């Protein structure tokens, strides 16, 4: 589905703290991205030098639930960040020890904005989704 100019993607920029093994880490420019044509998902993008981007796509509801309690299992899990900083910790990959700590206010802003749009976007893509599901279930 093509993106209409009147329905741009929603992007909230922030700074994440990427934690690797042995609790070593670095501050990294980070974006949370919502696209109207994929209204159930959010994308967490780490922005590196020279235009390098690394991203993960998962249900945006994990971010909403992860603000208050642990959410998700498998490849992506979100929980309130441990320690004195108000935020969330996103664990990336079941076999990885990489985690990204994000400020709670940035995540909460993103969730508020997505909640304000998701119903409209879901209704708009529903016919196309119904057609795709019918194709899958009918095997045609």
Restricting region 64-85 to residues that are in contact with a helix residue (DSSP H, G or I) (Cβ under 6 Å, 6 or more places away or on another chain) and closer than 17 Å to residue 18 by Cβ, the one surrounded by the most Cβ atoms within 10 Å (Cβ to Cβ) turns out to be 78
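Can you tell me how many residues in region 70-83 are farther than 15 Å from residue 103 by Cβ and either modelled with pLDDT of 95 or more or not in a loop (DSSP other than H, G, I, E, B) (or both)? Let's see the steps before the verdict.
Within region 70-83, the subset farther than 15 Å from residue 103 by Cβ is 70-77.
Next, only the ones that are either modelled with pLDDT of 95 or more or not in a loop (DSSP other than H, G, I, E, B) (or both) stay: 71, 76-77.
Here the count works out to 3.
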Residue under question is residue 32, and the condition is that it be under 18 Å from residue 110 (Cα atoms), surrounded by 16 or more Cβ atoms within 10 Å (Cβ to Cβ) and touching a residue at least 60 places away in the same chain (Cβ under 8 Å); does it hold? yes
Exactly one of 17, 58 is assigned to a strand (DSSP E or B), surrounded by 13 or more Cβ atoms within 10 Å (Cβ to Cβ), over 12 Å from the mean Cα position of the chain (by Cα) and at pLDDT 85 or above, and that residue is 17
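What do you reckon, is residue 44 at pLDDT 90 or above, outside any strand (DSSP E or B) and either touching a strand residue (DSSP E or B) at 6+ places or on another chain (Cβ under 6 Å) or crowded, with 16+ Cβ neighbours inside 10 Å (or both)?
Numbers: at pLDDT 90 or above: yes; outside any strand (DSSP E or B): no; either touching a strand residue (DSSP E or B) at 6+ places or on another chain (Cβ under 6 Å) or crowded, with 16+ Cβ neighbours inside 10 Å (or both): yes.
For residue 44, the condition - at pLDDT 90 or above, outside any strand (DSSP E or B) and either touching a strand residue (DSSP E or B) at 6+ places or on another chain (Cβ under 6 Å) or crowded, with 16+ Cβ neighbours inside 10 Å (or both) - is not met.
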Of (1) at pLDDT 75 or above; (2) in a helix (DSSP H, G or I); (3) within 23 Å of the chain's Cα centre (by Cα), residue 125 fails just (1)
Contact list, first residue from region 84-109 and at pLDDT below 90, second anywhere and exposed (fewer than 14 other Cβ atoms within 10 Å of the Cβ) and part of a loop (DSSP other than H, G, I, E, B), beta-carbon distance below 7 Å, six or more apart or interchain, is 93/75; 94/74; 94/75; 97/20; 98/20
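Checking the conditions here, which among 131, 117 is at pLDDT below 90 and surrounded by fewer than 11 Cβ atoms within 10 Å (Cβ to Cβ)?
Details: 117 fails: surrounded by fewer than 11 Cβ atoms within 10 Å (Cβ to Cβ).
It is 131.
The values are calculated or read from the model by the stated rules, or taken from the named source; none is laboratory data. Computed from a prediction, not measured in an experiment: that's the story for all the values here. Heads up, the Cβs are rebuilt from the backbone with ideal geometry, glycines too, and the neighbour counts pull from every protein chain shown.
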